[in-house]
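*Asks:* One structure coming up, written as structure tokens, with questions to follow.
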Amino acid sequence: MSNIFKPKIVSANDLFDGDVVYMDGDGNWSRQIAEAAMASAPNAAEALLARADQPAKVVGPYLLDVTVDDNGIQPEHFRERFRETGSTLNAKFARLNRSSPLEESAVTQGNR
């Protein structure tokens, strides 16, 4: 068994709409994995997870192993890649890309 620490980020599900979210460096939640705060040491990972305890905003926060390559932050496990992108078999089940500020603002303020 390897004791080499792997970089980690925190993921959870948005309490109101269930979307996969990632905690950023300010303790806020983003639907973009590229904005996730990354811990590169065990104590930093535990501190990140402690900050993620926000029951009024998210459910089920947990640490996940990631790598960083030319494409940015990449989840190591297939389950996490699937959670990030949604279904690849049927486009109607794919995650919506809420990258526009207007859409993000509407979701953040509860205007659904």
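*Asks:* When you scan the range 29-49, how many residues do you find that are part of a helix (DSSP H, G or I), modelled with pLDDT under 95 and touching a Lys or Arg at 6+ places or on another chain (Cβ under 9 Å)? Explain how you work it out, then say what you get.
*Replies:* Going residue by residue through the range 29-49, those that are part of a helix (DSSP H, G or I) are 33-35, 42-49.
Narrowing further to those that are modelled with pLDDT under 95: 33-34.
Now narrow it down to the ones that are touching a Lys or Arg at 6+ places or on another chain (Cβ under 9 Å): none.
The total comes to 0.
*Asks:* Cβ contacts < 7 Å: first residue free of Cβ contacts under 8 Å to residues at least 24 places away in the same chain, restricted to the range 1-27; second residue surrounded by fewer than 20 Cβ atoms within 10 Å (Cβ to Cβ) and among the charged types (D, E, K, R), any location; separation 6+ or different chain. Result?
*Replies:* Tyr22/Glu35; Asp24/Glu35
*Asks:* Right, here's the next one. Taking the condition modelled with pLDDT under 95 and in a loop (DSSP other than H, G, I, E, B), does Asp26 pass?
*Replies:* Judged against the criteria, Asp26 is not a match.
*Asks:* Condition first: touching a strand residue (DSSP E or B) at 6+ places or on another chain (Cβ under 9 Å) and not charged (D, E, K, R). Now tell me which residues in the range 6-27 satisfy that.
*Replies:* Narrowing the range 6-27 to residues touching a strand residue (DSSP E or B) at 6+ places or on another chain (Cβ under 9 Å): 6-15, 18-24.
Residues satisfying the conditions are Pro7, Ile9, Val10, Ser11, Ala12, Asn13, Leu15, Gly18, Val20, Val21, Tyr22, Met23.
*Asks:* Just to be sure, is Glu80 surrounded by 17 or more Cβ atoms within 10 Å (Cβ to Cβ) and either modelled with pLDDT under 95 or in contact with a Ser or Thr (Cβ under 6 Å, 6 or more places away or on another chain) (or both)?
*Replies:* On the way: surrounded by 17 or more Cβ atoms within 10 Å (Cβ to Cβ): yes; either modelled with pLDDT under 95 or in contact with a Ser or Thr (Cβ under 6 Å, 6 or more places away or on another chain) (or both): yes.
The answer is yes for Glu80.
*Asks:* Being surrounded by 13 or more Cβ atoms within 10 Å (Cβ to Cβ), part of a loop (DSSP other than H, G, I, E, B) and touching a helix residue (DSSP H, G or I) at 6+ places or on another chain (Cβ under 8 Å) is the filter here; which residues of the range 1-18 pass it?
*Replies:* The answer is Phe5, and nothing else.
*Asks:* Evaluate the range 91-112: report whether one residue or more is under 14 Å from the mean Cα position of the chain (by Cα) and modelled with pLDDT of 80 or more.
*Replies:* No, there is no match, as no residue in the range 91-112 is under 14 Å from the mean Cα position of the chain (by Cα) and modelled with pLDDT of 80 or more.
The values are calculated or read from the model by the stated rules, or taken from the named source; none is laboratory data. Bear in mind the structure is a predicted one, so any value in this text is a computation, not a measurement. All Cβ positions, glycine included, derive from the backbone under ideal geometry; neighbour counts span all protein chains shown.
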